Amino acid sequence: MCSSDLRTSAMRFKNSPQQIGEIARHLNADAVLEGSVAVSERKIAINLHLLEAFSERLLWSYSCEGDLDEIIALQHQIASELAIKLQTRTANTGNGPALPVKRIDSNAYEACMKGRLFWGRRTETDLEKSIEYFNRAAAIDPMYPEPYLGVADAQIMLGIFGLRKPCEVFPNARLAAEKALQIDRHLSGAHSSLGTILSMYFWEPAAAEERFRRALELNPSSSLAHQWYGSHLNAMGRNEEAVASVLRARSL
């Protein structure tokens, strides 16, 4: 889950004194999932509570623990259990068997998470720092796709903000995004990042469109994919679609 969409709308309520009902109203949510994570040496324990938004009635609770190297599998396990509770369809419904969950080196995961932290700050220094962490994660676990995606996204930002010449960052960003997709072709963020690169620098609008559509097919709730797709649509003169896409990104 180390992705550009990890910093969700709920993050602004971290350590907030507001009550569950108030937070739910801000998020237009019927229920709120809260929890805690404890790490001891190389073990991790997670406790979760699903609360009805306005009554704060406990709907569901769940606890699990494992090795830090198993954190991706734990995330999938939690999502599956919650999906069953909510009686909703998971991303794999109707699309064949679930994809195997790869064991991720915990040091690589931690480095990637730190990379995303600095990436989210958007300054030149922080973007450079994020690339250092992403490269560190890739060196630890070369078959972990998220660090390559992180490098691509950081290079894109350096180009968008005019902090580097486009010719210095976008070709490298394309190589990094393609590397991520070689490892995991179902990685939504890598498709949207590649779409952005193809749209902004290489001017391959048809190929970019295909990537954005695939990204949103894999993850319709990706705010970044909607945002970048909106930029592409704007460049193509499809203004009404562009506005709709950006508004969707903002609502997410």
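Taken over segment 170-185, residues that are touching a helix residue (DSSP H, G or I) at 6+ places or on another chain (Cβ under 6 Å) and either free of Cβ contacts under 8 Å to residues at least 24 places away in the same chain or farther than 22 Å from Ala154 by Cβ (or both) amount to 1. If you go through segment 63-75 and keep only what is touching a helix residue (DSSP H, G or I) at 6+ places or on another chain (Cβ under 9 Å), open to solvent by 40 Å² or more (accessible area, probe 1.4 Å) and either hydroxyl-bearing (Ser, Thr, Tyr) or not in a strand (DSSP E or B) (or both), you end up with Asp69, Glu70. Which of the residues that make up segment 220-233 are within 12 Å of the chain's Cα centre (by Cα) and surrounded by 21 or more Cβ atoms within 10 Å (Cβ to Cβ)? Within segment 220-233, Ser222, Leu224, Ala225 qualify. Of everything in segment 23-55 that is surrounded by 13 or more Cβ atoms within 10 Å (Cβ to Cβ) and of a type in the set (Asp, Glu), the residue that is farthest from the chain's Cα centre (by Cα) is Glu52.
Those residues that are assigned to a helix (DSSP H, G or I), touching a residue at least 40 places away in the same chain (Cβ under 8 Å) and either open to solvent by 10 Å² or more (accessible area, probe 1.4 Å) or of a type in the set (D, E, K, R) (or both), I need them from segment 192-219; list them, please.
Applying the first criterion (assigned to a helix (DSSP H, G or I)) to segment 192-219 yields 192-200, 205-218.
Next, from what is left, pick out any that are touching a residue at least 40 places away in the same chain (Cβ under 8 Å): 193-194, 196-197, 200, 218.
Those that are assigned to a helix (DSSP H, G or I), touching a residue at least 40 places away in the same chain (Cβ under 8 Å) and either open to solvent by 10 Å² or more (accessible area, probe 1.4 Å) or of a type in the set (D, E, K, R) (or both): Met200, Leu218.
Please indicate, with yes or no, whether at least one residue in segment 56-79 is at pLDDT below 75 and under 29 Å from Ala190 (Cβ atoms).
Going residue by residue through segment 56-79, those that are at pLDDT below 75 are none.
No, that holds for no residue.
Determine if segment 198-218 includes at least one residue that is within 16 Å of the chain's Cα centre (by Cα) and of a type in the set (S, T, N, Q). No, that holds for no residue.
Determine whether segment 183-195 contains at least one residue that is among the hydrophobic types (A, V, I, L, M, F, W, C) and touching a His at 6+ places or on another chain (Cβ under 8 Å). No, there is no match, as no residue in segment 183-195 is among the hydrophobic types (A, V, I, L, M, F, W, C) and touching a His at 6+ places or on another chain (Cβ under 8 Å). Exactly one residue among Lys43, Lys85 is basic (Lys, Arg) and at pLDDT below 80, and that residue is Lys85. Among the residues in segment 191-203, are any within 17 Å of Thr125 (Cα to Cα) and not charged (D, E, K, R)? Scanning segment 191-203, I find no residue that is within 17 Å of Thr125 (Cα to Cα) and not charged (D, E, K, R), so the answer is no.
For every residue, the table says whether it meets (1) at pLDDT 95 or above; (2) of a type in the set (Gly, Ala, Ser).
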residue: Ser106; (1), (2): no, yes
residue: Lys114; (1), (2): yes, no
residue: Phe118; (1), (2): yes, no
residue: Asp126; (1), (2): yes, no
residue: Ser130; (1), (2): yes, yes
residue: Pro142; (1), (2): yes, no
residue: Leu149; (1), (2): yes, no
residue: Ala154; (1), (2): yes, yes
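Among residues of segment 118-129 that are farther than 14 Å from Gln155 by Cβ, none has a beta-carbon under 6 Å from a residue that is open to solvent by 80 Å² or more (accessible area, probe 1.4 Å) and assigned to a helix (DSSP H, G or I) at least six positions away or on a different chain. Among all positions in segment 136-153, there is at least one residue which is open to solvent by 60 Å² or more (accessible area, probe 1.4 Å), basic (Lys, Arg), out of contact with any Asp or Glu (no Cβ under 7 Å at 6 or more places or on another chain) and part of a helix (DSSP H, G or I).
The values are calculated or read from the model by the stated rules, or taken from the named source; none is laboratory data. Everything quoted here is computed from the prediction, not taken from an experiment. Note that each Cβ is placed from the backbone with ideal geometry, even for glycine, and that neighbours are counted across all protein chains shown. Heavy atoms of the whole protein, side chains included, go into the accessibility calculation; ligands, DNA and RNA do not. Shrake-Rupley method; radii C 1.70, N 1.55, O 1.52, S 1.80 Å.
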